[in-house]
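The values are calculated or read from the model by the stated rules, or taken from the named source; none is laboratory data. This one's a predicted model, so the numbers in the text were calculated from it and none came from an experiment. So basically every Cβ, Gly included, is an ideal-geometry build from the backbone, and we count neighbours across all protein chains shown.
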Amino acid sequence: MRVAIIGSVGVPAKYGGFETLADKLVEHLAEQIELTVYCSGLQYSKRLKTYKGAKLEYIDFSANGIQSVIYDSLSIKRAVKEHDVLLILGVAGMFYMPWIKLFNKSKIILHIDGMEWKRDKWKWFAKIYLKYSEKLGIFFADKVIADNAAILKNVPKRYHKKTELIAYGADHVQFESMNKKLFRRLEIPFDEYSFSVCRIVPENNIKTILQAFKESKENLVIVGNWYDSNYGIDIWREFHQLENIALIHPIYNQKELDSLRCNCSYYIHGHSAGGTNPSLVEAMALGLKIIAFDVDFNRVTLANNAWFFSTQKELIQLLAKPEYPKQLIMDAEQMVDSNYKWEIVTSKYAHLIETLALRAY
């Protein structure tokens, strides 16, 4: 049984949710399934041939942005002739799907990644393409994966039977004590703070969060890719000199990231688009006090076990409240034990892959 994982930056994971998913699938399944992971050659100066028992193939395009269409399409083209099942993460390369179904027997599992076309970062022509590509993928895929029940509202009802709900795992994170050397290196001037980590894009409500902390004078540490867009650069220029706000560039060392997260007063989650966000379930696993943007995706992920805000004013009011209920933390941690463990997640993928692989013969 030969399975290709397509659409992530690659493994070893060093970027985001899809990459961690690919890494954990390799870790849990490579002994029982012949896995190949397609990786962005632009991100790996050292190109390993194998990783934890999986074969690695490299495509010399970016897995993100406009190049993701070429990256995914080339990965699919190379993988389809040699694999029984293609697990495709994201919808960027779906225009290639009709040719796959016409001329190959490979089975397709498509992870639709939280309605990518709704994200504010895309211009109108990209939104049109991604929406069309998503519809094409859902139509032709043998199985569709949604990582959040709220996404099903956007999947046509006639396709619900082939849609599987599989979230992300979060039990790879561990509690880390405060690292004073890290704080000095990052030039963070305070010990008590709220924390956020995210991509610096409009749909993550970065300006709303920063304006609230600017007005409230509460301390905030926020980690993100500030220099990757004009949007991020403009926000950096506006807020980086404030004494109560520390804007930190991306951190890929898990222990360092966990040290910042584990010791915060509140974890601020501003995402307003997508499905089950990996950084949110990680915050739940770490037992953090969570204040999340009020959208159905976040409420489903948390089962309402958090505080929620929609505006700058509401966030300021929540920051001023005297005590965060311990029961919310306990219930969120129980959600992780029941739904967001990698053993649970990868076993669902394994069952789905094995079922489809049998149909490929």
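For a quick check of your reading: which helices (runs of 4 or more DSSP H) sit entirely within the stretch 292-347 and have at least 1 residues that are aliphatic (A, V, I, L, M) and closer than 19 Å to Leu220 by Cβ? Don't jump to the end; show me each part of the working.
Values: elements: 296-302, 312-320, 326-339.
Per the criteria, 312-320.
For residues that are touching a residue at least 40 places away in the same chain (Cβ under 8 Å) and more than 12 Å from Gly7 (Cβ to Cβ), tally how many sit in the stretch 59-79.
2
Condition first: in the same structural domain as Lys255 (by TED's automatic domain parsing), touching a residue at least 12 places away in the same chain (Cβ under 8 Å), in contact with a strand residue (DSSP E or B) (Cβ under 8 Å, 6 or more places away or on another chain) and of a type in the set (Phe, Trp, Tyr). Can you find one or more residues in the stretch 293-303 that meet it?
yes
Of all residues in the stretch 24-52, which are under 19 Å from Gly275 (Cβ atoms) and not hydrophobic (A, V, I, L, M, F, W, C)?
Selection gives Lys24 alone.
State which residue is surrounded by the fewest Cβ atoms within 10 Å (Cβ to Cβ) when the search covers only the stretch 177-210 and only residues that are of a type in the set (Ser, Thr, Tyr) and closer than 17 Å to Ala292 by Cβ.
Result: Thr208.
Taking strands (runs of 3 or more DSSP E) that do not extend beyond the stretch 176-266, which have at least 3 residues that are closer than 24 Å to Leu319 by Cβ and out of contact with any helix residue (DSSP H, G or I) (no Cβ under 8 Å at 6 or more places or on another chain)?
Passing ranges: none, list empty.
Does Gln174 meet the test of being outside the structural domain of Thr311 (by TED's automatic domain parsing) and surrounded by fewer than 17 Cβ atoms within 10 Å (Cβ to Cβ)?
So Gln174 fits the description; yes.
Report yes if Asn277 is under 24 Å from Thr20 (Cα atoms), crowded, with 23+ Cβ neighbours inside 10 Å, of a type in the set (S, T, N, Q) and in contact with a Leu (Cβ under 8 Å, 6 or more places away or on another chain), otherwise no. So that I can check it myself, show each step before the final result.
Numbers: under 24 Å from Thr20 (Cα atoms): yes; crowded, with 23+ Cβ neighbours inside 10 Å: yes; of a type in the set (S, T, N, Q): yes; in contact with a Leu (Cβ under 8 Å, 6 or more places away or on another chain): no.
The answer is no for Asn277.
For the subset of the stretch 299-356 comprising residues that are more than 25 Å from the chain's Cα centre (by Cα) and hydroxyl-bearing (Ser, Thr, Tyr), which member is surrounded by the most Cβ atoms within 10 Å (Cβ to Cβ)?
Tyr324
Quick one: Glu164 ticks every box in (1) part of a loop (DSSP other than H, G, I, E, B); (2) acidic (Asp, Glu); (3) at pLDDT 90 or above bar one, so which box is it?
(1)
If I go through the stretch 111-152 residue by residue, how many of them are modelled with pLDDT of 80 or more and of a type in the set (D, E, K, R)?
5
For (1) in contact (Cβ under 8 Å) with a residue 60 or more places away in the chain; (2) under 28 Å from Tyr132 (Cα atoms), each residue gets a yes or a no:
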residue	(1), (2)
Ala13	no, no
Glu31	no, no
His83	yes, yes
Ala92	yes, yes
Met97	no, yes
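Which ones in the stretch 7-25 are in contact with a strand residue (DSSP E or B) (Cβ under 6 Å, 6 or more places away or on another chain) and part of a helix (DSSP H, G or I)?
Phe18, Ala22 - these are the residues of the stretch 7-25 that are in contact with a strand residue (DSSP E or B) (Cβ under 6 Å, 6 or more places away or on another chain) and part of a helix (DSSP H, G or I).
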